Amino acid sequence: MKVERMIYSKKKKHFTLIDPANGMISKEKIKFLKRFGTDAIIIGGSTDIKKKQLDKTILLIKKHSNLPTILFPGGINGLSSHADALFFMSLLNSSDPYWITGIQAQGASIVKKLGIKTIPMAYIIVEPGMKAGEVGKAIPIKRDNASLAAAYALAAQHMGFRLVYLEAGAGADKPVPTEMIHAVKENISIPLIAGGGIRTPGQAKAVARAGADIIVTGTISEENFFALKEIIAAVKG
Ligand code: 1GP
């Protein structure tokens, strides 16, 4: 409940993506993330991860902060009972039904057994899409096709999804275009997450101002961890 309340609160939020496949996060960094003001840690990635590594990461985060932990699974192994919630996601613009409804059917009873709180999320991949686009066999939305992104997002809302995530892909050279974020936000009333390619406070601010309710960064934590302080401040400023 606490996680949902935070997600649906009106204020702009920043989530930090941690991919356990990139190695273990340190307790110092976890404490800094809290101090910098990130609102939640989402855990996952496009490579399927080892369950042990995933559990260890979540337990470490919980030991050194009270930040909500949300699973962002790239495969069936991305599930852990230690997390506070799970983005139960569907890659709407995949060319392969496996990523739209197949993996969800495969994982549904595991999620029920583990008792993880689910947050239905529509995942929409925008060019370049990077590894998420490749693995998920997406037909990435062209950067100049804001109306298609808006149509997918509205369809997601009609289907009952409670969140839309516009994804340029981890490590993308630039974020989702602000015009596209704006067009999507105008079309829906459920919260909008944007991520992929955000590396500077200016980009974070532009994405937030264009209408994203939640800004996700991942790669910057690996490239220049302390830059996060200003990025998070820009999201909230
Ligand atoms: C990937 O949107 C996230 O799912 C984060 O992307 O690693 O480029 O910040 P970056």
Charge dipole of the chain about the Cα centre (unit charges at C-beta), most positive-ward option of Val135, Ala149, Met24
Met24
Taking amide H atoms as placed 1.01 Å from N in the peptide plane, list the residues 5 or more away in sequence, or in a different chain, whose amide H sits under 5 Å from that of Met121.
Phe88, Met89, Ser90, Arg162
Under the rule of at least 5 residues apart or a separate chain, name every residue whose amide H is placed under 5 Å from the amide H of Gly78.
Ile49
Rounded to one decimal in Å, the inverse mean reciprocal Cα-Cα distance for the chain, i.e. its Kirkwood radius, is 17.4
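How charged is the neighbourhood of Ile188? Take every other residue with its Cβ under 13 Å from the Cβ of Ile188, and add Lys/Arg as +1 and Asp/Glu as -1.
On the way: positive: Arg162, Lys185; negative: Glu186, Asp213.
Every neighbour counted, the sum reads 0.
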Exposed trypsin sites (Lys or Arg not before Pro) being those in a DSSP loop with at most 13 other Cβ atoms within 10 Å, the longest stretch of the chain free of them is 143-237
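First select every other residue whose beta carbon is under 12 angstrom from the beta carbon of Leu154; then total the charges, Lys and Arg +1, Asp and Glu -1. Write down the numbers at each step before the final one.
Values: positive: Lys185; negative: Glu186.
Charge balance near Leu154 sits at 0.
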Compute the Cα gyration tensor for the range 12-127, then decide on rounded, prolate or oblate, letting a ≥ b ≥ c be the square roots of its eigenvalues: rounded whenever a/c is under 1.5, prolate when a/b is larger than b/c in the other cases, and oblate in all that remain.
prolate
Just report the Cα centroid separation between the range 165-179 and the range 115-144, whole Å.
11
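Looking at the chain only, what percent of DSSP beta bridges run antiparallel? Nearest 5 please. Mind showing how you got there, number by number?
On the way: 1 of 34 bridges.
Of those bridges, close to 5 percent are antiparallel.
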Sorted by chain and number, the residues with a modelled amide H under 5 Å from that of Lys13, at a separation of 5 or more or across chains, are Ile214, Ile215
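Bear in mind these aren't lab numbers, they're just calculated from the coordinates by the rules spelled out. Here the structure is a predicted model, which means the values were calculated and not measured. Cβ: placed from backbone, ideal geometry, glycine included. Neighbour counts: every protein chain shown.
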